[in-house]
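Trainee: First the structure, then my questions, so here it is.
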Amino acid sequence: MEYERLLKENGQGHLWEHYLSLSAREKEAFSAQLAQIDWQTFARSGKEPPRSGEISPIEGCARADAEARREEYFKIGKEALRGGKLACVMLAGGQGTRLGSSSPKGAYDLGITRPVYIFERQIANLLETCSACGCFVPLCIMTSTENDEETRAFLHGHAFFGYPERYVRFFVQDMAPCTDLEGKIILEARGKLALSPNGNGGWYSSLVRAELLRDELLSAAEWFNVFAVDNVLQRIADPVFLGATISSGRRCGAKVVRKTCPEERVGVLCLRGGKPDVVEYYEIDPATAALKDGRGGLLYPYGVILNYLFRADSLGEMLSCEFPLHKAKKRVPYLGEDGETVIPDKENAYKSETLILDMVRLAGSCLPFEVEREREFAPVKNRTGTDSAESARELLKRNGVEL
Ligand code: UTP
């Protein structure tokens with residue numbers, strides 16, 4: 001049996017023993033789960049060399065620059081949109097653990113006197129662009145095995161909030177096994193592995209595996225606009241952003257907002273070792289974060305908001321690159337000794353995730369494109385406080401959305 005060697009070689013002999021204890025039917029289902037795992041990536045887990053290289057500032061398109069060339073960029077972007085050269089990819093496979101809702105995040109209702117769903121706001125913004133450019137844009141929605149059915153049912157139930165269904169595609173992201181703190185893959189129940197979505201960096205390989213590149217709808221796509229589902233002010237398929245990125249000749253573009261203060265807990269787009277990279281707030285030392293640019297502004301001002309453009313040809317090349325796998329400590333239910341699933345009260349496991357910010361580095365060049373925070377950035381991450389439903393409601397109101 002091929003799994004015996006595979007599991008033992010990967011330090012997972014306990015799974016082989018578990019397999020042997022299963023009935024023929026259970027064995028079949030268990031093998032199917034083992035087949036889902038990308039064992040090559042799993043074997044690399046935790047072995048990536050730490051990121052290194054000097055940090056230096058990156059040249060971006062500040063708001064004043066974008067404003068000065070707005071018409072020119074709009075024209076380039078609009079033409080590309082009309083030629084079907086852009087496809088949008090909504091990252092909706094996350095688990096939304098901080099928000100504490102088991103439903104798809106996009107189905108979260110921010111309304112007060114009427115329902116205002118996150119999906120609805122995103123699509124309303126997209127429809128505005130469509131009407132300004134006179135065309136529809138392909139919209140691919142990445143779900144996870146956990147929320148796929150509910151997401152589809154929700155969007156069908158709301159008639160895609162007015163977006164033509166023929167321009168929408170769904171695909172399910174790949175899963176990765178959760179391990180205990182010693183690196184052993186966890187069983188959630190008898191015959192069932194503990195799996196979790198493999199992170200937002202898994203979007204492209206998942207899209208390819210779902211054979212969407214062969215879909216007629218994406219046949220002319222030269223750019224992908226990838227964005228988080230949870231920013232209710234997210235402006236997608238933005239022709240000015242697309243036009244500016246195309247004109248820059250860079251292989252990737254990132255919408256950024258100017259940091260409010262050096263300590264703000266946001267990933268910063270800059271160069272690391274001469275390549276574009278997102279440096280997390282905990283990776284940058286406070287003195288560097290506070291450096292000034294000579295005109296009174298921050299030297300590292302660009303906070304990322306998870307809205308990227310990737311040139312399709314660079315994505316193809318990335319598929320053959322080794323993607324770093326990041327481990328995060330989480331609470332993961334596991335199979336107890338009495339055969340029942342135990343819900344742990346403290347972090348007992350690692351979930352492994354690939355991150356989209358690693359794609360920025362692999363793209364090799366990136367244009368930071370500054371946007372106005374109050375108009376484009378209202379993420380819903382937490383129940384209350386910063387980046388919460390409450391703060392997003394406030395920003396929606398300021399943007400004239402009736403709640
Ligand atoms: P976050 O990192 O904020 O994760 O995702 P999350 O799952 O929404 O929330 P927490 O951390 O569990 O509280 C940023 C974006 O990436 C998507 C999310 O749906 C969100 O749009 N994402 C994240 C995926 O599509 N797949 C993943 O595996 C992880």
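Trainee: Looking only at the range 242-256, decide whether some residue is touching a strand residue (DSSP E or B) at 6+ places or on another chain (Cβ under 9 Å), away from the ligand (no atom under 16 Å from the Cβ), closer than 23 Å to ARG169 by Cβ and part of a loop (DSSP other than H, G, I, E, B).
Mentor: no
Trainee: Condition test on VAL232, is it surrounded by fewer than 24 Cβ atoms within 10 Å (Cβ to Cβ) and within 17 Å of GLU374 (Cβ to Cβ)?
Mentor: No: the conditions fail for VAL232.
Trainee: Can PHE323 be described as at pLDDT 95 or above and either part of a loop (DSSP other than H, G, I, E, B) or crowded, with 17+ Cβ neighbours inside 10 Å (or both)?
Mentor: no
Trainee: Determine which member of the set LEU187, LEU213, LEU207, LEU195 is in contact (Cβ under 8 Å) with a residue 60 or more places away in the chain and more than 13 Å from the ligand (Cβ to nearest atom).
Mentor: LEU187
Trainee: If I ask for residues that are surrounded by 18 or more Cβ atoms within 10 Å (Cβ to Cβ) and within 15 Å of the ligand (Cβ to nearest atom), which ones from the range 126-145 would you list?
Mentor: Result: LEU139, CYS140, ILE141, MET142, THR143, SER144.
Trainee: Tally time: how many residues in the range 106-121 are buried (at least 16 other Cβ atoms within 10 Å of the Cβ) and within 23 Å of GLY385 (Cβ to Cβ)?
Mentor: Of the residues in the range 106-121, 8 are buried (at least 16 other Cβ atoms within 10 Å of the Cβ) and within 23 Å of GLY385 (Cβ to Cβ).
Trainee: Which residue is nearest to the ligand (Cβ to nearest atom), if the candidates are limited to the range 167-184 and must be farther than 16 Å from GLN40 by Cα and buried (at least 18 other Cβ atoms within 10 Å of the Cβ)?
Mentor: GLN173
Okay, residues lined up against (1) more than 23 Å from GLY94 (Cβ to Cβ); (2) out of contact with any Gly (no Cβ under 7 Å at 6 or more places or on another chain):
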| position | (1), (2) |
| --- | --- |
| PHE170 | no, yes |
| THR179 | no, yes |
| GLY191 | yes, yes |
| ALA194 | no, yes |
| TRP203 | no, yes |
| ALA220 | yes, no |
| PHE224 | no, yes |
| VAL229 | no, no |
| GLY243 | yes, no |
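Trainee: Can I ask one more? Being assigned to a loop (DSSP other than H, G, I, E, B), of a type in the set (A, V, I, L, M, F, W, C) and under 22 Å from the mean Cα position of the chain (by Cα) is the filter; apply it to the range 59-105 and report the residue that is surrounded by the fewest Cβ atoms within 10 Å (Cβ to Cβ).
Mentor: LEU99
Trainee: Hey, another quick one. Within the range 106-123, how many residues are in a loop (DSSP other than H, G, I, E, B), away from the ligand (no atom under 12 Å from the Cβ) and touching a residue at least 24 places away in the same chain (Cβ under 8 Å)?
Mentor: The total comes to 6.
Trainee: Can you run down the residue pairs with Cβ atoms below 6 Å, 6 or more apart or on separate chains, where the first is in the range 355-371 and charged (D, E, K, R) and the partner is assigned to a loop (DSSP other than H, G, I, E, B)?
Mentor: Matching pairs, first to second residue: ASP358/PRO324; GLU370/ALA62.
Trainee: For a quick check of your reading of the model, give me the residue pairs whose first member lies in the range 304-320 and is over 12 Å from GLY201 (Cβ atoms) and modelled with pLDDT of 90 or more, whose second is within 16 Å of the ligand (Cβ to nearest atom) and assigned to a helix (DSSP H, G or I), with beta-carbon atoms closer than 9 Å and at least 6 apart or on different chains.
Mentor: What qualifies is VAL304/LEU357; VAL304/VAL360; ILE305/GLU376; ASN307/GLU376; SER314/MET359.
Trainee: Sticking with this structure for a sec: When the residues of the range 16-58 are filtered to those that are assigned to a helix (DSSP H, G or I) and basic (Lys, Arg), which remaining residue is farthest from the chain's Cα centre (by Cα)?
Mentor: So, considering only residues that are assigned to a helix (DSSP H, G or I) and basic (Lys, Arg), the one farthest from the chain's Cα centre (by Cα) is ARG25.
The values are calculated or read from the model by the stated rules, or taken from the named source; none is laboratory data. Only a predicted model underlies this, so the values are computations on that prediction, with no experimental measurement involved. As a convention, Cβ positions derive from the backbone with ideal geometry for all residues, glycine included, and neighbour counts pool all protein chains shown.
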